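The values are calculated or read from the model by the stated rules, or taken from the named source; none is laboratory data. Worth saying up front: this structure is predicted, and the values here are computed from it rather than measured. Here Cβ is always computed from backbone atoms with ideal geometry, including for glycine, and neighbour counts include all displayed protein chains.
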Amino acid sequence: MSDFQPILLANIAIENSHTRAVYESTGGYAALRKVFAEMSKADLIELVKASGLRGRGGAGFPTGLKWTFLPKEHPGPIYFCLNADESEPGTFNNRILMEEDPHQVIEGLILSCFATNTTTAYFYMRYEYPLAWKRVQAAVDECYEAGYLGKNILGSGYDLDIFLHRGAAAYICGEETGLIESLEGKRAWPRIKPPFPAVEGVFHKPTVVNNVETAACVRHIAERGADWFRSMGVPPDPENPRDPGSFGPKLYCLSGHVEKPGCYEAPLGITVNELIEKFGGGIWKGRKAKAAIPGGISMGLLTAEEFDCPLDFAGPGRYQCLGLGTAAVVVMDETVSMVDFLLNSSQFFAHESCGQCTPCREGTSWALKIMQRIKAGRGRLIDLDLLLEIGDNIGIIPGTTICGLADGAAWPLKNGIRKFREEFETYIKQTNPSGFAETEPVPALEMIGVH
Amino acid sequence: MGTVTVDGQEIELHEGERLNGIEAAARAGVEIPHYCWHAGLSVVASCRMCLVESGRKTPEGDVQMIPKLVPACQTPATDGTVFVTKSEKVVNARAMVEEDLLIRHPVDCPICDKAGECHLQDYHFEHGRDQRRADIKPFTSRRRELGDTVTLFVDRCVMCTRCVRFTREISGTSELFVANRGAHEEIEVFPGFPLDNKMSGNVVDLCPVGALGDRDFLYQQRVWFMKAHDNVCTGCSTGCAIKVEENQDHVYRVKPRENPHVNQWWMCDEGRYGLSHIHDPRRLTEPKRRDGDEFVNIQWTELPGQLDASLRSATRVAAVLSPHLTVEEAYLLATYVRQVDADAVLAVGPVPVQGEDESFPNGFTIRAEKCPNRNGVEAIVSQLGGTFLAWEDFLVRLDQGDLDAVWITGGYKSDWIDDATAARFSSVATLIVQDLFASPLWQRATYQLPGASFAEREGSYVNHADRLQSFRWAVRPPAGVMVEGQLYWRLLERTGLYDARAVLAEAARALAYFSVAGGEIPEHGVDLKANQMAGV
């Protein structure tokens, strides 16, 4: 691994890396020319399937397989949505790509659109990325000038238009169907599935939704082939027939209590320890680590003893976490109170729950109220069981909600309390010595503004 | 075709039938609780109250279950589908949703209009937990007006969004939307754009809890004191199936009743709030006879004899049948005057028309013709009366001056005859006027007979599409009023009480138009056209 050279981040240190001139000088748009000259749409889909590329947005669904769900010989338009609504706490890999190397993303997007026979693509960007917005828009303009976008791209007869759409700052817009609703100008309430977007998505037409980093990977797969891509990462677990393996490079967002936080590239499968030691420069101020989020706050928590967890798509699952998510590793040192962490996480999900499904809307807000009360020194031991009960029963895994936001809200609760129960109990006993054993409902706190 | 299993019980699907889990279970007699799903609206599957376990029976007979809960409303029931609605998992999920919904609910049932017919109450009683574990102080009972007809009690809402979908999909006016996010969500209207469509009252019926209150009905009556009676709306010729809800002969509200052939689940505000005439203090309640320039009260016991004598002494009798009469009443009156005078003239009363038909996106139509039974009365006039006389034709006939006894029926909710028209009746020696409210004609009458409103009548109406719907009376008429049917029944010297069903059967035998209405009239009515087509 030591000889690994960054692929997705190869150019970000070059001056003006966001311009077409620099991008082309480093071999940009060669993949596009090569595909247009040598490959059919079906060939490109097969190539991406063969590469084992899995979506980088969080769920890790095989990208090539997703593309094949589109109806064959569809008479009407097919739409492509690039999901740049990167809102998972701790995640900023798409931002780096869009700000420093937007052409790489666009080239991947053009290739993905070509493979899925799409002539209209929507680039859905979160509101909070003004620089990314400017640079991607500039890059799209440059592409129109250079003939990479528009009618008859590079004389291939293929047409493509890219429209940038700026969201209005809601976490739920990053959910596949929430994004589609938002794009249609509606409230971003995730849709019930089926129908899946590949059958009926934006404007009732078949739609593909892919992540920014996924598109960037497509560009490199097209250039260097599936075998090269499969040379990196972790092969499928032979004992798990549903594991397709985790291949390719991945951008890890390392933040929290490390000496050098940042976005680093490594082959899938690097462990948390390696990431902290190799890239992060160790724990901040030489302190001891206490916990880490493996891939964005909704994936749960790893204790310091679990830092040997490999960060591939299957790894965190073996440590009772939800999954790799967005590979945003947030490290917490020994000074962090887990009560604070859980209060913060509960606040986030109560604030971002779209409010459609009852268990998520009420569960997240109830969990927040309980956490606020515990923090305020009026916790009971029984509250921990209540929180666990909420956590165990909301989400698409038990089947009680439409989308996965509630699963994300549940995992910090479940991991936090199960892995750090002693700390919570100590906190409750210390702050509420007279009432921690109470089992009757306690009077409510006055409403504390959460909005 | 196909077989669906609900809790081990097998039900058959009909050819081409598309049911969801809730509907399939209902057929098996199993109720799956639900808030957001409504047969007339799109499926959102967001309340999660209808969570069940589902699976599929393989041809070999094994059952493969989906490992997680699924919403029954969103799960199609096809051949081999299996639903389990009573497992521990399902029971726990329902308890969870009920607990969740009550976390911020004010539980102000004692002052809530919905109490007694509230899904939240009923489902909590059946599926909820016996203890409150949440420590959240419910919000106060905030309320605001959404429009002239509906008040929103903000914190009672369970966010099923039925009302929002109604304004988008059925009325097509989209006034309502969801504001804010998460637990701060509220139903809202934009400033300056209140809920003011002509079907707005339906959102109150749709609301499964007490969040949407009907301003007309608010705090008027506890629902458990009221009795509901099936009836048919008389507001226009659509003839929506309705329920009239009354307590001790006072009508408090009217609600639509499902009829797939007529109004589906809806009715318009005009019909819903057009009740004031029933209990209007200006309603006529005293039968009187002209004596010179005076009117003297007469007893209902003496009246039939006097009327009969007056009519029999006339040389030419005419009867004007109002389109507000039921088929049975019109048939009885026509039969009676024909018995008095074999050549009696029959005519249809004025047919009120207001504006133009107004259709909504889902097909619901408010018709311009503001009476319930023009088709039924016209059929009687044309099939019994020889020549068909509309109101204008009748006035022309009247001007010939040879009609010396005229029985005219009204029953309109508003003014229906002006002075000039009334003056054309000056040549009539015996003028019998039967009406709800005083009119210029009323003052010219020889006999003044107070009539009944729709809630007091019994019989059948034929709507614009030739669908005949029958109903029974909901309230007794005010003291001093005799319902038309009962009076005609007595004039025909029939014994006992007016029996609308027997009269309809008689009409069905006598008149071809009504021939399919001879037997029991089903809840959704019968299509009289069926017979006409058979004749072709």
*Out of all the residues in the range B:148-156, is one or more of a type in the set (Lys, Arg), surrounded by 14 or more Cβ atoms within 10 Å (Cβ to Cβ) and touching a residue at least 24 places away in the same chain (Cβ under 8 Å)?*
yes
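Yes/no matrix, rows are residues, columns are (1) over 24 Å from B:Asn259 (Cα atoms); (2) modelled with pLDDT under 95; (3) within 14 Å of chain A (Cβ to nearest Cβ); (4) loosely packed, with under 15 Cβ neighbours inside 10 Å:
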position: B:Glu17; (1), (2), (3), (4): no, yes, no, yes
position: B:Glu23; (1), (2), (3), (4): no, no, no, no
position: B:Pro33; (1), (2), (3), (4): no, no, yes, no
position: B:Ser54; (1), (2), (3), (4): yes, no, yes, no
position: B:Thr58; (1), (2), (3), (4): yes, yes, no, yes
position: B:Val70; (1), (2), (3), (4): yes, no, yes, no
position: B:Cys73; (1), (2), (3), (4): no, no, yes, no
*Residues being in a loop (DSSP other than H, G, I, E, B) and within 11 Å of chain A (Cβ to nearest Cβ): count how many of those fall in the range B:87-120.*
2
*Return yes when A:Pro62 is over 26 Å from the mean Cα position of the chain (by Cα), assigned by TED's automatic domain parsing to the domain that holds A:His220 and not acidic (Asp, Glu) and no when it is not.*
no
*asked:* For B:Trp37, only one of the following conditions fails: (1) within 14 Å of another protein chain (Cβ to nearest Cβ); (2) over 28 Å from B:Met267 (Cβ atoms); (3) buried (at least 21 other Cβ atoms within 10 Å of the Cβ). What is its number?
replied: (2)
*Failed item, numbered, when A:Gly315 is tested on (1) in contact with a His (Cβ under 8 Å, 6 or more places away or on another chain); (2) at pLDDT below 95*: (1)
*Which ones in the range A:28-48 are surrounded by fewer than 17 Cβ atoms within 10 Å (Cβ to Cβ) and touching a residue at least 12 places away in the same chain (Cβ under 8 Å)?*
A:Ala30, A:Arg33, A:Lys34, A:Lys41, A:Glu46
*Which residues, taken from the range B:194-208, are surrounded by 20 or more Cβ atoms within 10 Å (Cβ to Cβ), in a loop (DSSP other than H, G, I, E, B) and in contact with a Cys (Cβ under 7 Å, 6 or more places away or on another chain)?*
B:Met199, B:Cys207, B:Pro208
*Of the residues in the range A:353-376, how many are at the interface with chain B (Cβ under 10 Å from one of its Cβ atoms) and touching a Ser or Thr at 6+ places or on another chain (Cβ under 6 Å)?*
8
*Would a scan of the range B:394-411 turn up a residue that is in the same structural domain as B:Leu303 (by TED's automatic domain parsing), more than 27 Å from the chain's Cα centre (by Cα) and of a type in the set (Ser, Thr, Tyr)?*
no
*Scan the range A:195-205 and give yes if some residue there is outside the structural domain of A:Leu251 (by TED's automatic domain parsing), surrounded by 15 or more Cβ atoms within 10 Å (Cβ to Cβ), of a type in the set (Lys, Arg) and under 18 Å from B:Arg181 (Cα atoms), otherwise no.*
no
*Which one of these does A:Pro89 not meet: (1) buried (at least 22 other Cβ atoms within 10 Å of the Cβ); (2) touching a strand residue (DSSP E or B) at 6+ places or on another chain (Cβ under 8 Å); (3) in contact (Cβ under 8 Å) with a residue 60 or more places away in the chain?*
(1)
*Which of the residues that make up the range A:377-392 are within 11 Å of chain B (Cβ to nearest Cβ), surrounded by 23 or more Cβ atoms within 10 Å (Cβ to Cβ) and either at pLDDT 95 or above or part of a helix (DSSP H, G or I) (or both)?*
A:Asp383, A:Ile390
*Hey, could you check the range B:75-86 for residues that are under 21 Å from A:Lys193 (Cα atoms) and not β-branched (Val, Ile, Thr) and say which is nearest to the other protein chains (Cβ to nearest Cβ)?*
B:Pro76
*asked:* Within the range B:508-527, does at least one residue satisfy the condition of being within 26 Å of B:Glu302 (Cβ to Cβ) and either assigned by TED's automatic domain parsing to the domain that holds B:Arg424 or out of contact with any Pro (no Cβ under 7 Å at 6 or more places or on another chain) (or both)?
replied: no
*For the range A:289-309, state whether one or more residues are under 18 Å from the mean Cα position of the chain (by Cα) and surrounded by fewer than 24 Cβ atoms within 10 Å (Cβ to Cβ).*
no
*Pull up the range A:393-410, narrow it to residues that are touching a residue at least 12 places away in the same chain (Cβ under 8 Å), facing another protein chain (nearest Cβ under 10 Å) and not aliphatic (A, V, I, L, M), then point me to the one that is surrounded by the fewest Cβ atoms within 10 Å (Cβ to Cβ).*
A:Asn393
_Selection from the range A:203-242 of residues that are in contact with a strand residue (DSSP E or B) (Cβ under 6 Å, 6 or more places away or on another chain) and part of a loop (DSSP other than H, G, I, E, B)_ = A:Lys205, A:Met232
*So which residues in the range A:139-175 are under 23 Å from A:Phe348 (Cβ atoms) and touching a Ser or Thr at 6+ places or on another chain (Cβ under 9 Å), if there are any at all?*
A:Gly167, A:Ala168, A:Ala169, A:Ala170, A:Tyr171, A:Ile172, A:Cys173, A:Gly174
*Residues (within 12 Å of chain A (Cβ to nearest Cβ) and either surrounded by 22 or more Cβ atoms within 10 Å (Cβ to Cβ) or touching an Asp or Glu at 6+ places or on another chain (Cβ under 9 Å) (or both)) located in the range B:165-185*: B:Phe177, B:Val178, B:Ala179, B:Asn180, B:Arg181, B:Gly182, B:Ala183
*Run B:Gly349 past the list (1) under 23 Å from the mean Cα position of the chain (by Cα); (2) surrounded by 18 or more Cβ atoms within 10 Å (Cβ to Cβ) and report the number of the one that doesn't hold.*
(1)
